[in-house]
1. Nearest 500 deg cm²/dmol is fine: what mean residue ellipticity at 222 nm does the chain get from its DSSP H runs of n ≥ 4 alone, each adding -39,500 (n - 2.57), divided by its residue count?
2. Sticking with the crude label model, points 7 Å out along Cα→Cβ, report the distance from Glu77 to Arg170 in nm, one decimal please.
3. Consider the candidate values [x] 32; [y] 28; [z] 21; state which one is percent of Cα pairs over 30 Å apart computed from the structure displayed.
4. Which residues does the label zone of Ile94 cover in segment 31-47, counting backbone N under 17 Å from a point 7 Å along Cα→Cβ?
5. Efficiency by 1/(1 + (r/R0)^6): what FRET value for Thr103 and Ser256, r their Cβ-Cβ distance, R0 = 41 Å, to the nearest 0.05?
6. Over the chain, what is the percentage of antiparallel beta bridges among all DSSP beta bridges, to the nearest 5?
7. Rg(Cα) of segment 116-263 divided by 2.2 N^0.38 Å?
8. Mind ranking 229-237, 67-75 by how tightly packed they are, going by the mean number of other C-beta atoms within 10 angstrom, highest first?
Amino acid sequence: MPPRGKKPRTYDPVRIRTAVTAQFAHVCGAVSELGPEQLARPSGLGDWSVAELAGHIAWIADSLAGGLARPPAAVAELSAVEWPFATASLAGKISEAARETLTGAPLPELFDRAADRMERALAANPGDRVLDLWIGDMTLADFLVTRTVELVVHTDDLNRAAGLDIPIDRQALAACTRLLADALALKAPGGAVEVRVPPFAVVQCIEGPRHTRGTPPNVVETDPLTWIRLATGRTRWAAALDEAHVRAGGERADLSALLPLMS
């Protein structure tokens, strides 16, 4: 749940649905052009190849449709902002699902089929539908916000591993950035440090003296992709500081002990 006294962030469900389908379409178009050499490259994610990473992205859409095909759960157990902390225990199960996805058909066919299933499933279900998920039961509206995280993060992974330039939908990037920023505030509640990720998010975190006016004494500022890479373990805090991708001022403005939020 959100920190006490703070209302949970809300997301426009229509924009989130559009962002999810748009980002998946961007990846779908790029994957169809990948050659054998690119598919065989290491993804940078454990022992996954680029092909296995792509298979996982196809699974993201296909599993969403699969979840909507199952009978609904009664009550949501997990909110969007809590989702990042519940993912680590499922890493092995998700990895196996990605490998199984690859055995079904060539990647372009897998992506086309997954896109079609997802589109039809979303059209048939309202946002308050509660999905019975491995990770915990969630409303469709909340789960779709988490899909922006999965799709943005793995689009970035794919771009770096395969030398691609797949565009990232602005609304998907915004939702991903905000969800991970809110997760930081949930993990380390307080008002001693202000974390700025312009133009999408500003949150306060970490216990200590609060500021009431003017420039806060402890400020961290970075760009959205750097923040997402930090939050998901793609980039380390020290490296981001050394490369001037993060600006941190104040004696409490060190987030290294809190990152990554998910891996």
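1. It comes out at -16000 deg cm²/dmol, rounded to the nearest 500.
2. Output for this residue pair reads 3.9 nm.
3. Computing percent of Cα pairs over 30 Å apart and matching it to [x] 32; [y] 28; [z] 21 gives [y].
4. 43-47
5. It comes out at approximately 0.55.
6. Counting only bridges with both partners in the chain, antiparallel ones make up about 80 percent.
7. Cα-based Rg divided by the globular estimate yields 1.16.
8. The peptides rank, most packed first, as 229-237, 67-75.
The values are calculated or read from the model by the stated rules, or taken from the named source; none is laboratory data. Not measured: the values here are computed from a predicted model. Because the Cβ atoms are built from the backbone with ideal geometry, glycine has one as well, and the counts that use them run over all protein chains shown. Accessible surface is based on the protein model in full, side chains and every heavy atom, while ligands, DNA and RNA are left aside. Shrake-Rupley method; radii C 1.70, N 1.55, O 1.52, S 1.80 Å.
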